1. If you take the residues of the range 314-338 that are of a type in the set (A, V, I, L, M) and surrounded by fewer than 16 Cβ atoms within 10 Å (Cβ to Cβ), which of them is nearest to residue 440 (Cα to Cα)?
2. Would you mind finding the one in 406, 373, 367 that is under 20 Å from the mean Cα position of the chain (by Cα) and aliphatic (A, V, I, L, M)?
3. For the range 442-461, enumerate the residues that are surrounded by fewer than 20 Cβ atoms within 10 Å (Cβ to Cβ) and closer than 23 Å to residue 489 by Cα.
4. For the structure I just gave you, tell me whether residue 224 is over 23 Å from the mean Cα position of the chain (by Cα) and without any contact (Cβ under 8 Å) to a residue 40 or more places away in the chain.
5. For the range 148-173, which residues satisfy the criterion of being within 19 Å of residue 205 (Cβ to Cβ), in contact with a helix residue (DSSP H, G or I) (Cβ under 9 Å, 6 or more places away or on another chain), touching a residue at least 60 places away in the same chain (Cβ under 8 Å) and surrounded by fewer than 23 Cβ atoms within 10 Å (Cβ to Cβ)?
6. Kindly provide the set of residues from the range 341-361 that are surrounded by fewer than 19 Cβ atoms within 10 Å (Cβ to Cβ) and either touching a residue at least 12 places away in the same chain (Cβ under 8 Å) or of a type in the set (Lys, Arg) (or both), ordered by number.
7. Among the residues of the range 132-171, count how many are touching a Lys or Arg at 6+ places or on another chain (Cβ under 6 Å) and not small (Gly, Ala, Ser).
8. Taking strands (runs of 3 or more DSSP E) that fall entirely within the range 1-68, which contain at least 1 residues that are under 27 Å from the mean Cα position of the chain (by Cα)?
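The values are calculated or read from the model by the stated rules, or taken from the named source; none is laboratory data. These numbers were taken from a predicted model, which means no experiment stands behind them. Backbone-built Cβ (ideal geometry, glycine too); neighbour counts: all protein chains shown.
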Amino acid sequence: MSQPVLTMEGISKEFPGVKALSDVNFELYPGEVHALMGENGAGKSTLMKVLSGVYEPTAGTIRLKGQEVAFGNPLEAQRQGVSIIHQEFNLFTNLSAAENIYIDRPEMVGRFGRIQWSKMYEEAQQLVDSIGGSGIDVRQEVRHLGVHSQQVVEIAKALSFRADVLIMDEPSAALPENEVKKMFDVVKRLRDQGVAIVYVSHRMKEIFEIADKVTVLRDGAWIDTRPIGEVTEQQLIYMMVGKEVSKLYPDRDHKPGGEVMLEVQSLSLDATHEVSFQLHKGEILGLFGIPGSGTHTIAERLFGLKGGAGDIIVGGMPAVIRNPGDAKARRIAYVPPDRHRQGIIKPMSIRQNLSLPILPRLSKGVVIDESRVREMSSEYMESLRIKAPNDRQSVDYLSGGNQQKVVIGKWLATHPDILILEEPTRGVDVGAKAEIYAIINRLAQEGLSILLISSEMPEVIGLSDRILVLHKGEIVHEFAHGEADQEQLLQRASHPLTEGGRL
């Protein structure tokens, strides 16, 4: 075996009152995809920030190609061959792909301070082509590129620094299911070129498909490193959470009642497409489709975030929903797909976030009744098992799973009859996923009607009583619980049935 391109020995990192990393070791070899796994708060991000120059370690050493290094900032790390691609793309959408790749790079500036445009376009195109992006025109503005193409530009930008080590942080989080394979092709191509890749992900299926080796962290400490062929999914889960999570998806041991809680008739999604369906009491109805299918628009229409034609009938009564206030009045709640931008207010406490949608109910006149706020907050922290020292803790310091529970809790506090869940476990580790799935199942058993919108096929299949598949704004197929597998779901979402029932 070749010598490691990267060695991290005895890495510790302390913040005031918190030891985020404790004596962690990590090795990475050329041409290797090394998965880094652990629950939220396990120390993965901190370790990668130490490696990429964001944090200085409290203790420990880093060796790159055999030489001890210390990075003062991310630019120093890039210049020495360590680049990171963040979960959220860091691109200027009004600039071309080439400009994004070589922005603020002296080698592209010629005599008299003039940018060498021909050289920039030529080298950017060669770089993009080399990693499988031959369909991308690097002269095109990034805002006109699809999500996968933007990711290729991010990777090309990282490689333009002659990266020996590439850190990919949740690289599939922004990608629809049908684009993930393309991303894997890029990763494999980079591996074949000798690039060493740290692949940070919560998604088990991806780890077993793309990784050569896996390292698990828990509570800031190294737990184990194994070749991927020598570990099972259950063993990985045990290493991550320290206990058995025997069954991720709870048994659906009740049948939804016959009462129709929500009916939509000819609900317009755009100028030419409309949908009709029913949601029953205590039912988990899954909606699945690739981006652009209309699933997100359905959520926006039902919660009053977007207008349009069609009839919405709630509890047997026609409902006019022009804004979220109308939706709340009809006892409809919505957990949005991006908790950071749409779900929580980070500087505020758990208590404040939980109480926001129901402040009038917790007030006496214009004065907030703090005792009622504390009582409500305590109730949801306990029932949802939100882990924090107390409800005055800022949500900014919670793990992703606990932040998501706060978002769910604040909408449950409105006492809805209908709950729309869109991407309920995005960016959440496997332990928290199991807890959230149990919460969803319990809510349905208690009679709450749930509309589940998710891009994770196992999630839709594992939780739903029925699944409606959308393609370009139309419902093209319905599966009963247990009928669908992932291949069938993706086929229907990508290619609706043609005449004669053939794909």
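1. We begin by selecting, within the range 314-338, every residue of a type in the set (A, V, I, L, M); these are 314, 317, 319-321, 327, 329, 332-333, 335.
With surrounded by fewer than 16 Cβ atoms within 10 Å (Cβ to Cβ) added as a condition, the list becomes 317, 320, 329.
On the way: 317: 26, 320: 27, 329: 22 Å.
Checking each candidate, the answer is 329.
2. Values: 373 fails: under 20 Å from the mean Cα position of the chain (by Cα); 367 fails: under 20 Å from the mean Cα position of the chain (by Cα).
Checking each option against the conditions leaves just 406.
3. If we filter the range 442-461 for residues that are surrounded by fewer than 20 Cβ atoms within 10 Å (Cβ to Cβ), which is where we start, we get 442-443, 445-447, 456, 458.
Passing the criteria: 456, 458.
4. Numbers: over 23 Å from the mean Cα position of the chain (by Cα): yes; without any contact (Cβ under 8 Å) to a residue 40 or more places away in the chain: yes.
Yes, satisfied.
5. Residues of the range 148-173 that are within 19 Å of residue 205 (Cβ to Cβ), as a first pass: 148, 151, 168-173.
Next cut, in contact with a helix residue (DSSP H, G or I) (Cβ under 9 Å, 6 or more places away or on another chain) only: 148, 151, 168-169, 171-172.
Going one step further and asking which of them are touching a residue at least 60 places away in the same chain (Cβ under 8 Å), we end up with 151, 168-169, 171.
169, the sole residue that qualifies.
6. 341, 345, 346, 347, 348, 356, 357, 358, 361
7. Kept after step one, since they are touching a Lys or Arg at 6+ places or on another chain (Cβ under 6 Å), are these residues of the range 132-171: 132, 148.
Cutting the leftovers down to not small (Gly, Ala, Ser) gives us 148.
Matching residues across the range 132-171 total 1.
8. Values: elements: 6-15, 18-28, 33-37, 59-64.
Those strands (runs of 3 or more DSSP E) span 6-15, 18-28, 33-37.
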